[in-house]
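> Have a look at the structure that comes next, please.
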Amino acid sequence: MIIKNPQVNRAWFSCRLLFFEFKAPWKKLNTAPVCFGAKDSQFGSFKIPSGGNISKMKLVHLYGYVSCLAGASVTYWSPFSCSDYPGLGAYTGVTITTAGNTVLLPPKQLSLSSGWSFIPGYDGQSTELVLTKFSDQPIVVTTGQELHLWYSEDLMNGPEGDNGGRSCCDVYVLFE
Ligand SMILES: [Ca+2]
């Protein structure tokens, strides 16, 4: 539809925007908190209630903290990363995978081979994390599919022996 009057056009656009937001709200996936530890494959689990193409996932911190070097400094604890550990202050440290450990988010283009990720708008101390797909390539999930939330060093079997803590969050999804 082409409307030449700019005011009417704006109203039409707002209306469409409202409809889109009404149609596609964030969907909370967990009832109990989703918790992950920082080592020994202590991933958190949650299920997708109905399948679709994932656009974004959101983690909202509830309680608990993890560290990539537990006991070294109080400033290394954070909800989803290693806080201000030297060189990691700008990085996040969690990964969402399938039950078979295929990485869904963050996109591999934003992640180092060690698992630390640079997510624009977030850093090592973020208490909420929105992970967005990188391209128009769909992230397809099916009804009832189990997904895992990992501390990335734990998933990558990196230097995890000196890690510590456990962090809990709510998990939300936004479908396309
Ligand atoms: Ca470590």
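The values are calculated or read from the model by the stated rules, or taken from the named source; none is laboratory data. These numbers come from a predicted model, not from an experiment. Cβ atoms come from the backbone with ideal geometry, glycine included; neighbour counts cover every protein chain shown.
> Please go through region 146-176 and pick out each residue that is assigned to a loop (DSSP other than H, G, I, E, B) and surrounded by 14 or more Cβ atoms within 10 Å (Cβ to Cβ).
156, 158, 160, 162, 163
> Within region 88-106, track down each residue that is touching a Leu at 6+ places or on another chain (Cβ under 8 Å) and part of a loop (DSSP other than H, G, I, E, B).
If the condition is that a residue be touching a Leu at 6+ places or on another chain (Cβ under 8 Å) and part of a loop (DSSP other than H, G, I, E, B), then 91, 99, 101, 106 are the ones that fit.
> Just the residues that are within 13 Å of the chain's Cα centre (by Cα) and within 16 Å of the ligand (Cβ to nearest atom), please, taken from region 50-90. Spell out the reasoning first.
Pass one, region 50-90, residues within 13 Å of the chain's Cα centre (by Cα): 54-61, 79-81.
Selection gives 80, 81.
> Tell me yes or no: at least one residue of region 112-119 is at pLDDT below 95, away from the ligand (no atom under 16 Å from the Cβ) and outside any helix (DSSP H, G or I).
Checked region 112-119: no residue is at pLDDT below 95, away from the ligand (no atom under 16 Å from the Cβ) and outside any helix (DSSP H, G or I).
> Out of everything in region 124-145 that is crowded, with 19+ Cβ neighbours inside 10 Å and within 14 Å of residue 93 (Cα to Cα), what residue ends up being farthest from the ligand (Cβ to nearest atom)?
Among residues in region 124-145 that are crowded, with 19+ Cβ neighbours inside 10 Å and within 14 Å of residue 93 (Cα to Cα), the one farthest from the ligand (Cβ to nearest atom) is 131.
> Would you mind finding the one in 32, 70 that is of a type outside the set (S, T, N, Q), in a loop (DSSP other than H, G, I, E, B), at pLDDT 95 or above and more than 22 Å from residue 159 (Cβ to Cβ)?
Only one candidate passes the filter, namely 32.
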